1. Please give the strands (runs of 3 or more DSSP E) falling wholly within the range 1-100 in which 1 or more residues are crowded, with 18+ Cβ neighbours inside 10 Å.
2. For the range 174-185, does any single residue satisfy the condition of being surrounded by fewer than 18 Cβ atoms within 10 Å (Cβ to Cβ) and either under 29 Å from Leu244 (Cα atoms) or without any contact (Cβ under 8 Å) to a residue 60 or more places away in the chain (or both)?
3. If you scan the range 208-224, which residues turn out to be part of a helix (DSSP H, G or I) and aliphatic (A, V, I, L, M)?
4. As an exercise: evaluate Ala238 against (1) over 14 Å from Ala161 (Cα atoms); (2) in contact with an Asp or Glu (Cβ under 7 Å, 6 or more places away or on another chain); (3) surrounded by fewer than 20 Cβ atoms within 10 Å (Cβ to Cβ) and give the number of the one condition it does not meet.
5. Return yes when Ser100 is free of Cβ contacts under 8 Å to residues at least 40 places away in the same chain, farther than 27 Å from His191 by Cβ, touching a Ser or Thr at 6+ places or on another chain (Cβ under 7 Å) and of a type in the set (Gly, Ala, Ser) and no when it is not.
6. Quick one: Ser205 ticks every box in (1) part of a helix (DSSP H, G or I); (2) under 20 Å from the mean Cα position of the chain (by Cα); (3) surrounded by 15 or more Cβ atoms within 10 Å (Cβ to Cβ) except a single one, so which number is it?
7. Being assigned to a strand (DSSP E or B), closer than 18 Å to Asp50 by Cβ and either modelled with pLDDT under 95 or within 18 Å of the chain's Cα centre (by Cα) (or both) is the requirement here; does Arg176 meet it?
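The values are calculated or read from the model by the stated rules, or taken from the named source; none is laboratory data. Here the structure is a predicted model, which is why all the values come from computation and not from measurement. So basically every Cβ, Gly included, is an ideal-geometry build from the backbone, and we count neighbours across all protein chains shown.
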Amino acid sequence: MKKLLAAGESQIFALTSVFRNRERTALHAPEFVMLEWYRACTPLERLIEDCVAVVALAAHVAGTKAFVYRGREANPFDPPELLTVRDAFCRYASIDIYDSLPVNGCADTETLALQAKDSGIRVAPDDDWSDIFSRILSERVEPNLGLGRPTVLHAYPASEAALAQVNPNDPRIAERFELYCCGVELANAFHELRDPGEQRRRFASSMKEQQRIFGVSYPIDEDFLAALADMPDASGAALGFDRLIMLATGAERVESVQWTPVFDPIRRSQ
């Protein structure tokens, strides 16, 4: 889709199946539907408005006034809470990630590890900064987001936004946000990176991490990197459509709202 932006399109979207053969949980399936869209020459704040409108529309179509998931509720028609990642970590984990943010590629993993342990979060000997950050986010922060009303979590550490531009006023953070309702992540959005050289460096780092964690890596899309040089300034978002419908209908699992869930012989036999 970014190649289409480079070719001259200015407002595009896709609603289609995507595939990620990793974990299977109530919120994860190997095949799911994603709504993805891009706006050229548009600030990231406009995509927050888009996300809020899509959430409200889903609730209206479903005929519900509240999203409910595992005892957590949110009013999908209320304006969202805007919360920085730093404030969220301070509020829900008593950790100031600015004490250890990566600077010039060097992260203070030891400081974040000590903070996490003090907060009662398990840290493995081979965890890097991103591993610890993700664990704090998933265990302490995310369950508290989008309660009562949607939450827009923004100002992510630059190291946690491989496709986003860094903030011109603070290179420690990136121009990225995620939308949450009832503790469930619904959407992920970026002010899109357009520097081919920087994107290549980030892809190489990401593939190294994929190899470390999953034992696999993937080739870099050279055509995509070439197109970035011609892509206009743009913002883009991806929204988990199945998760949205799950919340709007009160379902307990994403597979409950999928037309043809992927067969799992191991779980079926249990």
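1. Those strands (runs of 3 or more DSSP E) span 31-40, 67-69, 72-74, 81-84.
2. So in the range 174-185, the residues surrounded by fewer than 18 Cβ atoms within 10 Å (Cβ to Cβ) come out as none.
Taking every residue of the range 174-185 in turn, none turns out to be surrounded by fewer than 18 Cβ atoms within 10 Å (Cβ to Cβ) and either under 29 Å from Leu244 (Cα atoms) or without any contact (Cβ under 8 Å) to a residue 60 or more places away in the chain (or both).
3. Within the range 208-224, just Ile213 meets the criteria.
4. In the conditions (1) over 14 Å from Ala161 (Cα atoms); (2) in contact with an Asp or Glu (Cβ under 7 Å, 6 or more places away or on another chain); (3) surrounded by fewer than 20 Cβ atoms within 10 Å (Cβ to Cβ), Ala238 misses (1) alone.
5. Working: free of Cβ contacts under 8 Å to residues at least 40 places away in the same chain: yes; farther than 27 Å from His191 by Cβ: no; touching a Ser or Thr at 6+ places or on another chain (Cβ under 7 Å): yes; of a type in the set (Gly, Ala, Ser): yes.
No.
6. All conditions are met except number (3).
7. Yes: the conditions hold for Arg176.
Here is a yes/no grid of residues against (1) in contact with a Phe, Trp or Tyr (Cβ under 9 Å, 6 or more places away or on another chain); (2) assigned to a loop (DSSP other than H, G, I, E, B):
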residue	(1), (2)
Glu110	no, no
Leu114	no, no
Gly120	no, yes
Ser130	no, no
Ser138	no, no
Glu142	yes, no
Gly146	yes, yes
Val152	yes, no
Tyr156	yes, no
